[in-house]
1. I'd like the per residue volume of the convex hull spanned by the Cα atoms of the range 2-118, given in cubic angstrom.
2. Taking the alpha-carbon distance from residue 35 and a cut-off under 22 Å, which lysines remain once sequence neighbours fewer than 8 residues away in the same chain are dropped?
3. Would you mind getting me the FRET efficiency between residue 100 and residue 69? Use the beta-carbon distance for r and R0 = 25 Å, nearest 0.05.
4. For residue 152 and residue 113, compute 0.36 nm times the residue count separating them, minus their Cα-Cα distance, and round to one decimal in nm.
5. Extension gain residue 182-residue 41, at 0.36 nm per residue separation less the Cα-Cα distance, in nm?
6. Percent antiparallel among DSSP beta bridges with both residues in the chain, to the nearest 5?
7. Principal axes first, then extents: for the Cα atoms of the range 96-175, list largest minus smallest coordinate on each axis, whole Å, largest first.
8. Per residue of the chain, what 222 nm ellipticity follows from adding -39500 (n - 2.57) for every DSSP H run with n ≥ 4, rounded to the nearest 500?
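The values are calculated or read from the model by the stated rules, or taken from the named source; none is laboratory data. Bear in mind that the values here come from a model prediction, so they are computed numbers and not experimental data. No Cβ is skipped: glycine too gets one built from the backbone with ideal geometry, and neighbour counts run over all protein chains shown. Calculation scope for accessible area: heavy atoms of the full protein, side chains included, ligands and nucleic acids excluded. Shrake-Rupley method; radii C 1.70, N 1.55, O 1.52, S 1.80 Å.
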Amino acid sequence: MRILVIEDETKVGCFIRRALEEESYAVDLCEDGAKGLEMALHTNYDILIVDLMLPSLPGLEILRGVRQARIQTPILILTAQSQVDQRVKGLDAGADDYLTKPFAIDELLARIRALLRRGSTESPGVLQIDDLTLTPATREVTRGGQRIDLTLKEYALLEYLMRHTGRVLTRPMISEHVWNQDFDTFTNVIDVYVNYLRNKIDRGHSKKLIHTIRGSGYMLKVD
Ligand code: CA
C-alpha cells in the first residue's frame, strides 16, 4: 500500500515516513503543498496524509483539489490541537479522519489500517484466501496454519495482491502501490519479488495461489 505524506516540518515528515516504511508501506514524502497536490492528482495512492498548515498551498486546498478531481482516496489530516475550526473545515472538505499533533505513531498506524479497511468487504482485520491469511495489525502471514516469515517488501506485495484477489494486477499497478517514486521501471524487480513470494507461499502446496497472467501481470486466486 502506497502513502503520500504532505508535511512541511522535515522532522515530523521523516519520522512518519520511517515509521510507515517499517510497517512495509511504500511512502512518498512531499514538503510543499502545491507539489503535493500535483503528486496526489497523478499517482494512484492508497492513503493521503496531509498537514493542514503548509507553505505555498494550504492543506484545505489540497483536499478540495483532490475531491474536485473525483479522487476517492482516503485522506487523513494532521492539525494542531488548537485548530478545531481547521479540523471541521478539513472534514467538511473531504477528509476521512484527523490526528492532532503531537500524536502517538501507533495511533497513526491504527487509523491508517482502519482507513484501508473502509469500503472493502473483508472481515475486520484479517485478509484470507483459501488457507492463506494475512493480519495487517500484526503483519502475520500464515498458510495452512503455518506461520510464514516475509521481508517488508514481500509482505507489502502480498498485502496488495490479497486486497485485490481475483483481479489481474499489471506490473505498473503493482509498482504504483508497492514501491515509491524511486522505483526504477526498467528492472525486473517485481518478477523477482513475485518469485520470492511463490517460494514462501506456494512451494510445497498442491494448490497454487499466485498465478502469472501471460502478457498482463499477476493474479492471486484459488484455481
Ligand atoms: Ca505544517
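1. On the way: hull volume 10.5 nm³, N = 117.
Taking the convex hull of the Cα positions in the range 2-118, it is 90 Å³ per residue.
2. 11, 89
3. On the way: r = 27 Å, r/R0 = 1.09.
My answer for the efficiency is 0.40.
4. Values: separation 39, 0.36 × 39 = 14.04 nm, distance 1.62 nm.
Difference between extended and current length: 12.4 nm.
5. On the way: separation 141, 0.36 × 141 = 50.76 nm, distance 1.78 nm.
Full extension from residue 182 to residue 41 adds 49.0 nm.
6. Roughly 45 percent of the DSSP beta bridges within the chain come out antiparallel.
7. Result, largest extent first: 40, 30, 25 Å.
8. Details: 8 runs with 88 residues, N = 223.
It lands at -12000 deg cm²/dmol.
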